[in-house]
1. Report relative contact order for the range 34-128 in percent, whole number only (criteria: Cα-Cα under 8 Å, sequence separation at least 6).
2. For Leu200 and Met127, calculate 0.36 nm times their separation in residues minus their Cα-Cα distance, and state this gained length in nm to one decimal.
3. Label-point separation (nm) for Ala46 and Arg17, each offset 7 Å from Cα along Cα-to-Cβ?
4. Could you rank the peptides 100-112, 124-136 by their average count of other C-beta atoms within 10 Å per residue, with the highest value first?
5. What is the order of Ile61, Ile171, fewest Cβ neighbours within 10 Å to most?
6. Evaluate E = 1/(1 + (r/R0)^6) for Asp361 and Glu326, where r is the Cβ-Cβ distance and R0 equals 51 Å; express this FRET efficiency to the nearest 0.05.
7. Using a 7 Å offset from the Cα along the Cα-to-Cβ direction at both Ala34 and Ala112, what is the distance between the two label points in nm, to one decimal?
8. Name the long-range amide H neighbours of Thr7: under 5 Å, sequence gap of 5 or more, or other chain; modelled H, no Pro or chain starts.
Amino acid sequence: MSISWGTQYSKLKTNLRLAINRLKLLEKKKTEMALKSRTEIADFIANHKEDRARIRVEHIIREDFLVEAYELLEMYCDLILARFGLIQQIKQLDDGIAEAVINILWAAPRVATDVSEFKVISDQLTMKYGKTFAEAARNNQLEYPAKVSPKLIAKLSVQAPPKLLVERYMIEIAKCAGIPFTPDPNIMREDEVAAAEQMLIDFKNQGGQGYGWMYSDGSNPDNKKPPFPPTNKGSGYYPGPPPPPPAGFKDVFGGSDEASIPASAPVSDPTNYTASNYPRLSQVENSSGDIKIKPNTSPGIPSAPPTDANSLPSKMNLNETPEFPEPPTDFPEMFDSASFPSAKSSDEQQPGVADGSDELDFDDLAKRFDMLKKKSIR
């Protein structure tokens, strides 16, 4: 009897290959059994035995989960075989095979009843990397260099499948068999996909949920368009439409009545504007401290438009010269022309220039030169 004190790499490699073949057989067997069970479930639904059908569906779901777990374990075994040199030549666990080794150590006691090769694989890996590491991997207590796959944990879980998943299985089985089936509405309310579809915006012509520019049925019965946003970005003030023309407005220029009245408000002509419509100085009388204002009788802008709408001119005659009002003559003469000095006339004689001629007076210049010379001698 030979005693081996180390890892038997040939035994580990052989059991990895056997485990892959056994996993493939189990996957094929369980898939065929699930297909046969679907026919039985369809018969239960047709005979209105939905409760028994749901129990059978749970069995199918469990088998489907187990098949998916077997596929993951098969992939991990194949990865270890492909990188088997890392196990033989490196003492420590390499990061390239860490995930595969940890997942196999965790799943070995859970699938050893179906795949006995995993017990041998787990024992060889425990001898290679130590009992402490193997126990931590089986209890899912490792954080580095890798953790047990959450997907593998979910597939090998012993908990019952969700009720919503059971209803979906039954809907698909009844649909494939062509049997009418009404799922449980209380369970289908939990369907998050259906709830998300209800929240989607309807971009078709049936109307939307009122988001943005879309109105639901009845929310906008008049089919009115929403108002446009203000265009004045600086002050935030949105100007309205131009005001209508005043009733009975009469053109100051006159003209014929051939054309129609313009629809928009008339533009005032600056040539027909007086300085202001304020009262003049002559209109203000100071009598016993009271200020009285006389009415403005000067021609200018009328104080109020005429009330007769028929007197409106229909067409403006721009060829006629407008009559401007005369300036007021009753202002006090505040400035007198005599108070300002008059400018010198160009006819006044300038020094050094002879009368009636532009030539210089040499005698005068000689006298001035002699006087300057005498002053300098003194």
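Values in this text are rule-based calculations from the coordinates and carry no lab data. Computed from a prediction, not measured in an experiment: that's the story for all the values here. Cβ placement follows ideal geometry from the backbone for every residue including glycine, while neighbour counts extend to all protein chains displayed.
1. Numbers: 45 pairs, mean separation 17.2, N = 95.
Computed value for the range 34-128: 18 percent relative contact order.
2. On the way: separation 73, 0.36 × 73 = 26.28 nm, distance 5.72 nm.
Using 0.36 nm per residue and subtracting the Cα-Cα distance, I get 20.6 nm.
3. Once both label points are built, they end up 4.8 nm from each other.
4. Values: 100-112: 21.7, 124-136: 16.4.
Descending packing order for the listed peptides: 100-112, 124-136.
5. Working: Ile61 18, Ile171 15.
Ranked by crowding around the Cβ, least crowded first: Ile171, Ile61.
6. Details: r = 55 Å, r/R0 = 1.09.
The formula returns an efficiency of 0.40 here.
7. Between Ala34 and Ala112, the simple spin-label model gives 2.7 nm.
8. none
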